[in-house]
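As structure tokens, the structure follows; a few thoughts come after it.
The values are calculated or read from the model by the stated rules, or taken from the named source; none is laboratory data. Keep in mind that what you see is a predicted model, and the values were worked out from it rather than measured. In this analysis, Cβ positions are derived from the backbone assuming ideal geometry, glycine residues included, and neighbour counts consider all displayed protein chains.
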Amino acid sequence: MDEVVFPRTPDGRRSSAALGRAVVADALRAVDPAAAEAAARETDWRRGYLPHFRRLVEAGLADGGAAGYRIAGAGLTALHVRMRLSRDGEDVPLADAFRAGADRPLETVEIVGSGKPERELLLPYRGEMLHGDALLRRLDAWVAGGTIEPSCAEAVREVAANPEWLDLSDQRLVALGAAAEMGPLPAVLGWGGTVVGVDLPRPELWGRLTAVAEAGGGRLIAPVSAQGLGADLLSDLAAVAEWLLGMEGPVIVGNYVYAPGAAYVRLSAAVDALILRLGEHRDDVALAVLATPTDVFAVPPEAVAQAADRFHRRARRARIVAAFSAGRLLGPNYPDADPDRPGISDSLVRQQGPNYALAKRIHRWRASLARRDGVVSFAVAPPTRTRSVLSNRLLAAAYAGAHLFDVEVFAPPTANRLMAALLVHQIRRPRPAASAAWRDEAVAAVHGGLWRTAYQPRSALGLAAVRGLVSARRRAA
């Protein structure tokens, strides 16, 4: 059986840390050799990765922002050169996954929904179903509160004003990670579209997906492997590629995959190889990617200005906390703001680890490069109470207390429907590539307030977690 794996180190181990360090160093080497050497010399990658991922964004601002594209290209090249496919006990290049073809071709099953397609943009929010004027007021409130970027509100308003856009039956949305809580599958099926779902062959997972498809107004197309309904991208990569190459188009390849730990990097490498394969053999492929808000982004001056104003007007007790902690707590979000350069929003969370950071950066790099050549739906998604987040006790507590710092954490039904609306907008109204990668990434961002909060997120994380734990105990008492 083929399996996507990490390369072996000289001592024979398969190390995600060694792979991550090498890929980041090679990406930086394209524009900042000194930063590349610093990353390559990092001895404790699992705890020391944060500044190197920040530097990837800072270095990308060179040459008017064009350097970001060079970093993305170098990083992805380094990934594909190094990652391997284990085949019959031997390691071969990842690209070899497609050369021998699939040993076990996938079959196809189709599930047609019996529901009536929605013909109006509806957004579930705190027990209500917002639409019309109520939806527009909520968008205005989010903009005023710094929860979303104004370009996000503009895009959603345009979708609401053109409800015929919601019907994506003229496309095939390939949802890689179909069962993802942040994925658009429920919304697109509800609007009457066609979703080609790819996820692990687990009966309970496909039971949920089947129920959603049957209740919706669209249709779900799914693969059938030797294990049953579904396919594993780590071991069935060639079969999935052949199956998708035969799919009627045009197609939107949506990357919504997730796996815990080091498996996330392996899965992201497999998905990237699949995207390349489809792009080489089809000319009707668009790409859809959601970025995590807990990452580093270059952000517009307006976001920096709002954060600085909030920091200037912060409460007296916040000043006292910062003073007694010698600046470790409640520090300013943009301490080195320069009016002539975009701000750097650094919301990386150390506890999520370098594998998560690298997997998400792989997604961003591919979206950046694909934007120059075709249609890409890319948006920063909000902090959301997904199962994977809530499984981390610290993050769950921090999310519960985030509102104290002007950060809104979304419920999954709100987040995935909102991001699906942005997908519709970017497919119906594709925009040209920007000269700077960071400008593309800042459009329509739903960061939940992390870009515009007064405080550097990591300097407030512990206090938010303490408040969240206290609130949880009070509710339990």
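General remarks:
- Criterion (under 27 Å from the mean Cα position of the chain (by Cα), β-branched (Val, Ile, Thr) and closer than 23 Å to residue 286 by Cβ) met by exactly one of 156, 143: 156
- Condition met for residue 217 (at positive phi and touching a Pro at 6+ places or on another chain (Cβ under 7 Å)): no
- Residue 83 free of Cβ contacts under 8 Å to residues at least 24 places away in the same chain and either on the phi < 0 side of the Ramachandran plot or of a type in the set (Gly, Ala, Ser) (or both): no
- Filter result for residue 299 (aliphatic (A, V, I, L, M), under 29 Å from residue 385 (Cβ atoms), crowded, with 18+ Cβ neighbours inside 10 Å and touching a helix residue (DSSP H, G or I) at 6+ places or on another chain (Cβ under 7 Å)): yes
Table: residues versus (1) assigned to a helix (DSSP H, G or I); (2) out of contact with any Lys or Arg (no Cβ under 6 Å at 6 or more places or on another chain); (3) buried (at least 17 other Cβ atoms within 10 Å of the Cβ); (4) not charged (D, E, K, R).
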residue	(1), (2), (3), (4)
1	no, yes, no, yes
35	yes, no, yes, yes
56	yes, yes, yes, yes
69	yes, yes, yes, yes
78	yes, yes, yes, yes
81	yes, yes, no, yes
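- Any hit, region 265-274, residues being surrounded by fewer than 22 Cβ atoms within 10 Å (Cβ to Cβ), within 19 Å of the chain's Cα centre (by Cα) and outside any helix (DSSP H, G or I): no
- Boolean, residue 385 is over 30 Å from residue 282 (Cα atoms), out of contact with any Lys or Arg (no Cβ under 7 Å at 6 or more places or on another chain), basic (Lys, Arg) and surrounded by 24 or more Cβ atoms within 10 Å (Cβ to Cβ): no
- Considering 328, 277, the condition of being part of a loop (DSSP other than H, G, I, E, B) and among the basic types (Lys, Arg) is satisfied by 328 alone.
- Any chance residue 436 is among the small types (Gly, Ala, Ser), closer than 17 Å to residue 57 by Cα and touching a residue at least 24 places away in the same chain (Cβ under 8 Å): yes
- Selected residue (only one of 280, 302 is farther than 25 Å from residue 444 by Cβ and acidic (Asp, Glu)): 280
- Any hit, region 286-294, residues being touching a residue at least 40 places away in the same chain (Cβ under 8 Å) and in a helix (DSSP H, G or I): no
- Residue within region 11-30 that is over 22 Å from residue 348 (Cα atoms), outside the structural domain of residue 259 (by TED's automatic domain parsing), touching a residue at least 40 places away in the same chain (Cβ under 8 Å) and among the aliphatic types (A, V, I, L, M) present: yes
- Residue count, region 326-364 (criterion: at pLDDT below 95 and within 27 Å of residue 49 (Cα to Cα)): 13
- Which listed residue is more than 30 Å from residue 215 (Cβ to Cβ) and surrounded by fewer than 20 Cβ atoms within 10 Å (Cβ to Cβ), from 105, 117: 105
- Taken as a whole, the structure leaves residue 208 outside the set of residues that are of a type in the set (Lys, Arg) and more than 23 Å from the chain's Cα centre (by Cα).
- Look at region 456-477: where a residue is at negative phi and a partner is of a type in the set (S, T, N, Q) and not in a helix (DSSP H, G or I), sitting 6+ places away or on another chain with Cβ atoms under 7 Å, you get 456/333; 457/347.
- Residue, surrounded by the fewest Cβ atoms within 10 Å (Cβ to Cβ), within region 121-131, restricted to residues that are in contact (Cβ under 8 Å) with a residue 24 or more places away in the chain and not in a loop (DSSP other than H, G, I, E, B): 124
- Annotation: residue 382 fulfils all but one of (1) part of a helix (DSSP H, G or I); (2) touching a strand residue (DSSP E or B) at 6+ places or on another chain (Cβ under 9 Å); (3) over 27 Å from residue 79 (Cβ atoms); the unmet one is (1).
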